[in-house]
Amino acid sequence: MVVSRRKSVGLFIALSAGLISVILLLYVGWVVLSWRTGILLFLGVLLLALLITGVILNTFFLVREIRRNEQHDAFINAVTHELKTPVASIRLYLQTLQTRSVNEAKRKEFYGIMLEDSDRLLATIEQILRTGRIGSARGKPIFTPIDLRGVVEDCVARARTLHQLPAESLAYVPGPAVTILADLDELQAAISNLIDNAVKYSGAEMRITVETAATGGDHVLVRVHDQGAGIPKTELKQIFKRFHRVPGLAATRIPGTGLGLYIVRSVAKRHGGRAWAESEGPGHGSTFVLELPVVR
Ligand code: ADP
């Protein structure tokens, strides 16, 4: 599907480029034939400019439309998979509990798995709803003065409990005290997304550091550093796009919708800040940075 769309984008671009060449050829011929008649020449140039603008605009809108369709497909694929898998798993365990006699230990294990699956389901639904809120004009952030160090500390504590991690696996290094104007819910979502990703893409050897630091200017940084999967240089910008996941084994085996980093970047922008990723490539870990303006 995606390949055939890519082909048709290429085809439309080639077609437009061909048309523009034909128009230019006609124009050059026409100028040569009527170089003496100035008015005609002027009208001809105008007409030509209009025609070329039309063809370029047409190509632009066509390509944009095809890209939107591609995104729509990616959304359906990623989200349906993420919604269907946990529901299917819960259903299977419920059926087993209903049809077979299971001992107490197994029963407890099944309940645990079903709880994890329902958490995963809730997290996916929350990501989808948040993406909708952030993208709509109505969902404006509610800014209040916030102690950044406290919020980051809360997010680290939440992640330690959620993923059952010791402090050595997920360390917190607070910088100087700083107050920012932010929407608490959005800020927590962005920081938690970065920490959850660091956990998700770290593998068994988990060494994650979360720190806050001043830039020396009017901004403060939240840095989440992991020694996990790493990111190819060509993907460092792409991963912040909606539904984009780094292609390859890691992305297909690790569950996700490709919405987390889109949320992080949108939250950063809504707060007048930035978000970016740094990595020396696959296998070399990654650092995600959230830069936000401070209140003086
Ligand atoms: P998801 O994790 O649901 O796929 P995200 O938007 O949070 O979606 O991340 C987009 C992609 O960026 C991921 O699929 C993954 O390929 C890559 N990525 C994000 N965080 C990390 C990380 N800490 N280490 C390596 N790759 C990462």
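Bear in mind that the values in this text are calculations on the coordinates, not laboratory data. The structure presented is a predicted model; accordingly, all values stated were derived computationally and were not measured. No Cβ is skipped: glycine too gets one built from the backbone with ideal geometry, and neighbour counts run over all protein chains shown.
The strands (runs of 3 or more DSSP E) found entirely in region 136-207 that carry 2 or more residues being surrounded by 18 or more Cβ atoms within 10 Å (Cβ to Cβ) are 170-173, 179-182. Does K269 qualify as being among the basic types (K, R), away from the ligand (no atom under 12 Å from the Cβ), touching a residue at least 24 places away in the same chain (Cβ under 8 Å) and exposed (fewer than 15 other Cβ atoms within 10 Å of the Cβ)? Considered against the rule, which asks whether it is among the basic types (K, R), away from the ligand (no atom under 12 Å from the Cβ), touching a residue at least 24 places away in the same chain (Cβ under 8 Å) and exposed (fewer than 15 other Cβ atoms within 10 Å of the Cβ), K269 comes out as no. In the set (1) without any contact (Cβ under 8 Å) to a residue 40 or more places away in the chain; (2) within 10 Å of the ligand (Cβ to nearest atom); (3) surrounded by fewer than 18 Cβ atoms within 10 Å (Cβ to Cβ), P255 fails one condition alone, (1). The number of residues in region 226-244 being within 9 Å of the ligand (Cβ to nearest atom), under 15 Å from S286 (Cα atoms) and in contact (Cβ under 8 Å) with a residue 12 or more places away in the chain comes to 7. All conditions but one from (1) more than 12 Å from the ligand (Cβ to nearest atom); (2) more than 19 Å from R149 (Cα to Cα); (3) among the polar types (S, T, N, Q) apply to T212; the one that does not is (2).
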